[in-house]
Structures are given as structure tokens and as C-alpha cells.
Amino acid sequence: MRSNFVFQEIWVGLRRNLTMTVALIVVVAISLSLLGTGLLFVKQVDSTRTYWQSKVEISVYLCTTASPNPNCHGSITPAQQQQIQTTLSSMPQVQSATYVSQTQAYQLFKQDFSNDPSYVSTVKETDIPPSFEVKLRNPEADYNIVASAVTGAPGVDSVIDEMTILDKFYRLLDGARNAVIVVALILVVAAVLLVANTIRLSAFNRRRETGIMRLVGASNFYIQLPFLLEGVIAGLLGWALAAALLIGVKSLLLNNLQQYFSYNVGLSATDLVEVILLAMFVGVLLCGVTSFVTLRRYLRV
């Protein structure tokens, strides 16, 4: 098989169908970039969930002189603090209950929001109440039991279920991810149809050449190879454009989201490379298989 003939046929096919080839590359690029964006969202949600699952499930905030709760009459007393500690420690549903003083809470606050020094400068140590950070053995089943045991107790300002707040955030991210993936799948279907039409048109334009090749005894593979490579090349060009778009999504969108949450749960370069490589596999497989199936139906020898 002469490789220069194959490359010449590929060039001829791409040049004759330049408009459809460009449209194919653009559709493949957009579909792969949206699919990759959905996968990046999946990784982002998973890493965020993993980060927070290692944290507390319940925060029991204690009274201070600045507490707006009318049940608080000044700062919590040592006796009240000890009583709350004893109540929590004696409950079988509680895995651990750690006391965090105002000083410790303020240091953690400055650490968590180190990316936003202007915001940190507006908060004083006395603005952050002390708390008990509680981990439950079974968060879904035990929250109501533990919360009811300390809610309204002397010295308790409020009880916050951290996981309920985060679940709303997770649902928001999941919804955005699902919407992106649905749109990507629709575009994948459009890309499949466009690949099939492009290859079919290319084969039709070169029907005289393929007819001559049949007469001289060329094999099916030899006849079909230029068309297959046309689809694969278009898929690779679309993937290259999608890779650039995915890098932009991570750099301009996902990385910038960190300034609003200030937690070190961003995606790594490895996560991005994994998604880009998967997008390449999907793009080449999509265009290659579609070209092969189309050619088997159109170029029957």
C-alpha cells in the first residue's frame, strides 16, 4: 500500500468538503468540551464532598456578649460549657465533640479565607463565637436526636447542620453538571450525523476513483482507509480545540470559583489531563466508528 496515495486522497477529501469538515470539527470540539466540562464538574463535586465529609456534621455555636439570640444572657459560663460537653460526650450517637474557642475559631477563619484578606480584615475575633464541632456516627439518622438534646440548652446560641447546607450546594452543582452533560450528548448525536454525512458526501464525490479501484482489485480496507482517516483527523482536530477550551474552563471558571469558597478543593492538573485524554478517546472513537459504519453501508464492494 502506498502511503503517499492514502495521504493524497485524505487531502483531496478534506479540501473538497472544507465547509462540512470545518463544521464537523467545530461540532466535535463543542460536544467534547461540554462533555469534558461535565466530567470536570463531577470531579469538582466529588473532591468538595470528600473534603467536607472529613469535617464536622454539626456545629453547636455558643453564646457570646454579641449573640442576637434572646435566650443568650451574655457569654457562656464555664459551668454551662461543661454541661454541654458532658451531654454531647454521653450520647452514643456522637463520635466526637471538640470545643473550639473564639481564638481558635478566628485562626481557622483566617486560614480558610486567606485568599480574601480584605474580607478577613472586616471580621474581629469577638465576632466569631466559640463552638462544639460534632461528628456523628450516622449523620442522617442521628442529627435530629443530637440537635434536640442541645438546642435551647443554657449557653447554646444555635445548632447548624453543616451537611444540609452543603447538600443544597451539591444539588446546585449536580444540576449544572447534568445540564451540561445532556447538552453534550445532544451535540454528540449531532456530531455523529454530521460525520456520517461528511463521509458519505466525500465518498459520493470520489465515486469514480473508488469504482476504478474496485476494477483493479483494491481491497475494501484500501478503499475505505482514506475516508476513515478523514473522520479520525477531523475528530483529532476537534479534540485539540476542545482541549484548549477545557483548559480555559478550568483556568477561568473552576479555579476562579475558589475565591468564593476559599477552600483548597480545586482540581489538579492530573484531573484535567485525565479528562482531556478521555475526550480524545471519545472523539477518535466517535468519528472512527461512525466513519466505519457509514462506509460499510455506502462503499460495498
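Quick look at the values:
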read-out	value
Which numbered condition THR151 misses (of (1) farther than 19 Å from SER96 by Cβ; (2) crowded, with 17+ Cβ neighbours inside 10 Å; (3) in contact with a strand residue (DSSP E or B) (Cβ under 7 Å, 6 or more places away or on another chain))	(2)
Odd one out for THR126 among (1) of a type outside the set (Lys, Arg); (2) at pLDDT 85 or above; (3) surrounded by 11 or more Cβ atoms within 10 Å (Cβ to Cβ)	(2)
Residue, surrounded by the fewest Cβ atoms within 10 Å (Cβ to Cβ), within region 16-37, restricted to residues that are at pLDDT 80 or above and farther than 13 Å from ALA234 by Cβ	ILE30
Only one of TYR119, TYR61 that is within 23 Å of PHE169 (Cα to Cα), outside any loop (DSSP other than H, G, I, E, B), out of contact with any helix residue (DSSP H, G or I) (no Cβ under 8 Å at 6 or more places or on another chain) and touching a residue at least 60 places away in the same chain (Cβ under 8 Å)	TYR61
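The values are calculated or read from the model by the stated rules, or taken from the named source; none is laboratory data. Small disclaimer: the values here were computed from a predicted structure and weren't measured. Ideal geometry is used to build each Cβ from the backbone, glycine not excepted, and the neighbour counts take in all protein chains shown.
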